[in-house]
Protein chains: 2
Amino acid sequence: MSVASNPYPGLTTLREGEQFANAFFTTEKKIEIAKALDDFGVDYIELTSPVASEQSRRDCEAICKLGLKAKILTHIRCHMDDARVAVETGVDGVDVVIGTSQFLRKFSHGKDMNYIAQSAIEVIEFVKSKGIEIRFSSEDSFRSDIVDLLNIYRTVDKIGVNRVGIADTVGCANPRQVYELVKTLKSVVSCDIECHFHNDTGCAIANAYTALEAGAKLIDVSVLGIGERNGITPLGALMARMITADRDYVLSKYKLHKLRDLENLVADAVQVNIPFNNPITGFCAFTHKAGIHAKAILANPSTYEILNPSDFGLTRYIHFANRLTGWNAIKSRVDQLNLNLTDDQCKEVTAKIKLLGDVRQLNIDDVDSIIKDYHAEQQTTPALKPVANGAEDVEDEPEAKKQKTN
Amino acid sequence: MSVASNPYPGLTTLREGEQFANAFFTTEKKIEIAKALDDFGVDYIELTSPVASEQSRRDCEAICKLGLKAKILTHIRCHMDDARVAVETGVDGVDVVIGTSQFLRKFSHGKDMNYIAQSAIEVIEFVKSKGIEIRFSSEDSFRSDIVDLLNIYRTVDKIGVNRVGIADTVGCANPRQVYELVKTLKSVVSCDIECHFHNDTGCAIANAYTALEAGAKLIDVSVLGIGERNGITPLGALMARMITADRDYVLSKYKLHKLRDLENLVADAVQVNIPFNNPITGFCAFTHKAGIHAKAILANPSTYEILNPSDFGLTRYIHFANRLTGWNAIKSRVDQLNLNLTDDQCKEVTAKIKLLGDVRQLNIDDVDSIIKDYHAEQQTTPALKPVANGAEDVEDEPEAKKQKTN
């Protein structure tokens, strides 16, 4: 797997994230989040437009004055009025966006591509004259005419923007479309390419990764993916994806062990729970349950883990208190309890545990007391002789009865 | 966009889903879920192996006797002991799986490819002799040797399996790899191709869709994606993705308006909340907040929606009680309240709302009382004259002050 060298997420928790239904960030909370993002190691932090409201402007100025390592950007419409306010806030760069799809040209701003190009040139020249970064992005790029898109990107690239942006504003794109568009755009412009993917159809993470494969450099993300509707590419999931491609790079650049705190900070601020199935930090992302999984994980975690939980300051868990458990998982628990049972005894006690697991949901105490009772019985009766273990090394959803195959 | 004709999800909520950390399904709950899946319109329901536990076997028999329209499958290891038990349960087909990656061959079952092929042939011939369906799948396919894989798939295809399965057991695959592997496999076998994707790095939905583009026919899904670790491709998200490709087909085949009930049924059974960012049924999946979005949505919902909420029995919501709101959203609320304000008046009251929205989180009552107070004031003072609306048709993150551009 190869992706563009040194790609990175740009954090838009305080812009796109503010468009999340539940988001209301006080100045103090914005500053706390900005500092946490900076500490995590991100390169860019994007803020709500300073023309959105008076407080939005003041917050933008306040965050610019924090002296963070990350560059501070703000996100504005493609007009001079917005640009004039934006450059006065002290930001390191301005992200300009305008709708280019027929839908948005007709029902949002009502302008044609010539008007868009002229506005873009005026705004870009102005922002550049202030000596700060400028990105030009189309909106709803995947429902825009490809010739229109390439024309406007080539125009702004020639003026000298730092980045051009592609945005899947409605979440309609699929990975193969993303790959084609980014590849084509890369052949047209010399500046960096930024991508922004909404998650309406669940493809925002894969689209982001595929864009990196096609040569995009910067991916817009937010903590937990918060944004309009059901949001955009989440920071954590993109980290999960990127670390499978270049572990050393990701480990050297980001404080991954702070991901969970960062997610909790934002989740609390917008009053949501971490989704149960969240990559990396979902409560069971490193929990292994079926007997075959548990057995192999105990032998070598790479068998059923593409991510190493310790990279994120997390630990794996073998879920043995259930009817799908297997004797290898139970044997491991017996060892943890400092008890001494043979493999055959472990299989026998496993059968007892599965029997109770068929009747009701088990907890660890249930299993531990079955094991301890069984162990106590063994002490009062002659120990079973250990038997040769050969046919037992296949363990799937584990057996209630002894296997006879092979 | 084109995908294989008439592709479909196979529902493994009662197999993979039972491997979810929180899952403990009683017989009654399994039957309730199986009936709900059948009613939704799924073709296949996969159940936990009958050798996992005694109750698993009895549940399998009970569900086979329900007379559902969906075919009932069970999922077993590739050995005769399991196969003998499986065919006696009354299932319509058996899904056989064996680990083919070096990791699993070394740390799980310890067998070589010759052994795997021999076991597969024996089990497949036996299941076929019973006149029921048979699928053969490798496990951890994306970390398996491609030559080994193609060899075993060609072998089992020649014997006459109904389907071969590819499984991204550890969630490492990305869409372009999926496309290549499915395309290659399609050139080697004549049977249908089934795919199973774990979601550790957030690509399970996109991988599933890309597999369909490459010609896969059946995708393993579970309700809410529940499964080992953080699970697999969720049914709802795959519906979202598929409906963007072929709306008529999806609408004709599935009772999409029952998706929310189905998800709630399973969420309650395994004691999780619907993730806030769940495609389709997340609480804000059809909520529009920023002024520019609200304005365009009011003019034409397709501007910012690739899914139609009414297809799922849901409704969209314009979130106007916040500082990012715009005067078009407020005007729409004024109309809902049956009040009469000019555009300029709407802009003026919007500025008041944004001012309060800067101070604290707003609710609908806050906004309604600001609007009503403002409206009452207007009745006691001479009405403002409506002004020509020209420069106002660009509305992004909406302005606190009047725009002068253009």
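Since every read-out is calculated from the coordinates, none of them should be taken as a lab result. Since the structure is predicted, the reported quantities are computational estimates derived from the model, not experimental observations. Ideal geometry is used to build each Cβ from the backbone, glycine not excepted, and the neighbour counts take in all protein chains shown.
Tally the residues that are part of a loop (DSSP other than H, G, I, E, B), under 38 Å from the mean Cα position of the chain (by Cα) and either surrounded by fewer than 16 Cβ atoms within 10 Å (Cβ to Cβ) or of a type outside the set (D, E, K, R) (or both), restricting the search to region B:308-346. Lay out the reasoning, then the answer.
As a first pass, look at region B:308-346 and keep what is part of a loop (DSSP other than H, G, I, E, B): B:308, B:313-316, B:319-326, B:337-342.
Those left that are additionally under 38 Å from the mean Cα position of the chain (by Cα): B:308, B:313-316, B:319-326, B:337.
Then keep just the ones that are either surrounded by fewer than 16 Cβ atoms within 10 Å (Cβ to Cβ) or of a type outside the set (D, E, K, R) (or both); that gives B:308, B:313-315, B:319-322, B:324-326, B:337.
The qualifying residues number 12.
Which residue is nearest to the chain's Cα centre (by Cα), if the candidates are limited to region B:272-287 and must be more than 7 Å from chain A (Cβ to nearest Cβ) and either within 18 Å of residue B:21 (Cβ to Cβ) or of a type outside the set (S, T, N, Q) (or both)?
Applying the filter and picking the extreme gives B:280.
Of the residues B:323, B:316, which single one is facing chain A (nearest Cβ under 10 Å), within 30 Å of residue A:276 (Cα to Cα) and without any contact (Cβ under 8 Å) to a residue 60 or more places away in the chain?
Sole residue among the options that is facing chain A (nearest Cβ under 10 Å), within 30 Å of residue A:276 (Cα to Cα) and without any contact (Cβ under 8 Å) to a residue 60 or more places away in the chain: B:316.
Find the helices (runs of 4 or more DSSP H) located wholly in region B:220-271 whose residues include 2 or more that are within 12 Å of chain A (Cβ to nearest Cβ) and aliphatic (A, V, I, L, M), and list them.
Details: elements: B:235-245, B:247-253, B:259-269.
Qualifying helices (runs of 4 or more DSSP H): B:235-245, B:259-269.
Return the only residue of A:125, A:139, A:133 being within 12 Å of chain B (Cβ to nearest Cβ), acidic (Asp, Glu) and at negative phi. I'd like the intermediate steps shown before the answer.
On the way: A:125 fails: within 12 Å of chain B (Cβ to nearest Cβ); A:133 fails: within 12 Å of chain B (Cβ to nearest Cβ).
None of the other options fit; the residue is A:139.
For region A:347-364, enumerate the residues that are more than 10 Å from every other protein chain (Cβ to nearest Cβ) and either among the acidic types (Asp, Glu) or under 36 Å from the mean Cα position of the chain (by Cα) (or both).
A:348, A:363, A:364
Within region A:209-219, restricting attention to residues that are at the interface with another protein chain (Cβ under 9 Å from one of its Cβ atoms) and of a type outside the set (D, E, K, R), which residue is surrounded by the fewest Cβ atoms within 10 Å (Cβ to Cβ)? Lay out the reasoning, then the answer.
Here is the first cut: in region A:209-219, the ones at the interface with another protein chain (Cβ under 9 Å from one of its Cβ atoms) are A:209-210, A:213.
Adding the requirement that they be of a type outside the set (D, E, K, R) leaves A:209-210.
Values: A:209: 32, A:210: 30.
If we take residues in region A:209-219 being at the interface with another protein chain (Cβ under 9 Å from one of its Cβ atoms) and of a type outside the set (D, E, K, R), then A:210 is surrounded by the fewest Cβ atoms within 10 Å (Cβ to Cβ).
Go through region A:21-50 and give me each residue that's in contact (Cβ under 8 Å) with a residue 12 or more places away in the chain, outside any helix (DSSP H, G or I) and either in contact with a strand residue (DSSP E or B) (Cβ under 8 Å, 6 or more places away or on another chain) or of a type in the set (A, V, I, L, M) (or both).
A:23, A:25, A:42, A:43, A:44, A:45, A:46, A:47, A:48, A:49, A:50, listed by residue number.
Assess whether residue A:56 counts as being within 28 Å of the chain's Cα centre (by Cα), part of a helix (DSSP H, G or I) and free of Cβ contacts under 8 Å to residues at least 12 places away in the same chain.
Yes, satisfied.
Hey, can you tell me all the residues within region B:212-229 that are within 22 Å of residue A:276 (Cα to Cα) and in contact with a Phe, Trp or Tyr (Cβ under 6 Å, 6 or more places away or on another chain)?
Within region B:212-229, B:226, B:227 meet the criteria.
Whether any residue in region A:65-88 is assigned to a loop (DSSP other than H, G, I, E, B), farther than 26 Å from residue A:142 by Cα and facing chain B (nearest Cβ under 9 Å) is what I want to check.
Within region A:65-88, the subset assigned to a loop (DSSP other than H, G, I, E, B) is A:65-70, A:78-79, A:88.
Then drop every residue that is not farther than 26 Å from residue A:142 by Cα, which leaves A:65-70, A:88.
Filter again for facing chain B (nearest Cβ under 9 Å), leaving none.
Checking region A:65-88: not a single residue is assigned to a loop (DSSP other than H, G, I, E, B), farther than 26 Å from residue A:142 by Cα and facing chain B (nearest Cβ under 9 Å).
For region A:89-137, how many residues meet the condition of being within 25 Å of residue A:61 (Cα to Cα), in a helix (DSSP H, G or I) and hydrophobic (A, V, I, L, M, F, W, C)?
The number of residues fulfilling the criteria is 5.
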